[in-house]
Structures are given as structure tokens and as C-alpha cells.
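Novice: Questions regarding the structure given below will be posed in turn.
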Amino acid sequence: DKVNVFPNPLFAYNPQTSYNAGNPDDVFVTFSHLPEDAVVSIYSLSGSLLRTLDSFDKATPTSQFLRWDLKNESGLRVASGLYIALVESAKYGQKVLKFSVILPQKQLQRF
């Protein structure tokens, strides 16, 4: 029941969030209170699987925290929007989390 995701919503350039405000490209959300065997599957609202994270993606295998760098399986940054995370554990079952990501508008240089 304690499994959660923060900050929710992730709002870019907010100094109260847990990412480095000096580098807006270093954004992430953190899943907290995870069991050791947890698998986190992140979906778009349309149901497309964007990324699957497990204990190998944690800083240490026994950590309760897991950071997602907002990139899909191909390494591309996801867009602003609403997302669903399915957290699964053989011991504790499943939990569904909903969270939103609001990223800044980027101005690309023309070449």
C-alpha cells in the first residue's frame, strides 16, 4: 500500500521537485517503497508499454527507490502527459499508479 511515485505531477523547473533544477534535461520520477522483487511497467494512457524497470535498474538491488529517467525502451524522452505504472511483486501482488509529467517547451536551433 505504501508504493508511490513522486513528484506527482512532475513539473519542469519547479525547485521543490527532486531533480537538479540547474539542468532541466536531468528530469526523473522516483518510485518509492518498492519491494526487492518489484517490476515496474510504465504505460501511456493509450495502453502502449513505454518502459519496463526491475531491480537491476535500482541503485542497489535492495533499495526501496527506483528512478525513471522519463525515457522509453528506445532511449527517447517521453512527452508531457498522463502515465500509468503497474508495479508487480510476486510476494505482494500488483498496484496501479497514475502520474503526470509536464515538461518545458524546447526551442531547437535551426540548421
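Novice: I need the phi-derived Karplus couplings for the range 57-69: 6.51 cos²θ - 1.76 cosθ + 1.60, θ = phi - 60°, integer Hz, Gly and Pro marked x.
Specialist: 8, 6, 4, 9, x, 8, 5, 8, 10, 9, 9, 10, 7
Novice: Now for a separate question. Can you sort Tyr92, Tyr43 by solvent-accessible area, 1.4 Å probe, largest first?
Specialist: Listed by decreasing accessible area, they come as Tyr92, Tyr43.
Novice: Straight-line reach from Lys2: which lysines have Cα under 22 Å away, leaving out those fewer than 8 places along the same chain?
Specialist: Counting by Cα, and skipping residues close in sequence, Lys2 has these lysines nearby: Lys58, Lys91, Lys95, Lys98.
Novice: Show the residues, 5+ positions off or on another chain, whose built amide H is closer than 5 Å to the amide H of Arg51.
Specialist: HN-HN under 5 Å from Arg51: Ile42.
Novice: Taking 0.36 nm per intervening residue step and subtracting the Cα-Cα distance, what contour gain separates Ser55 from Ile84 on full extension?
Specialist: Fully extending the segment from Ser55 to Ile84 adds 8.5 nm.
The values are calculated or read from the model by the stated rules, or taken from the named source; none is laboratory data. On a predicted model such as this, the values are computed, not experimentally measured, just so you know. Quick note on the areas: whole protein, heavy atoms, side chains included, nothing else; ligands and nucleic acids left out. Shrake-Rupley method; radii C 1.70, N 1.55, O 1.52, S 1.80 Å.
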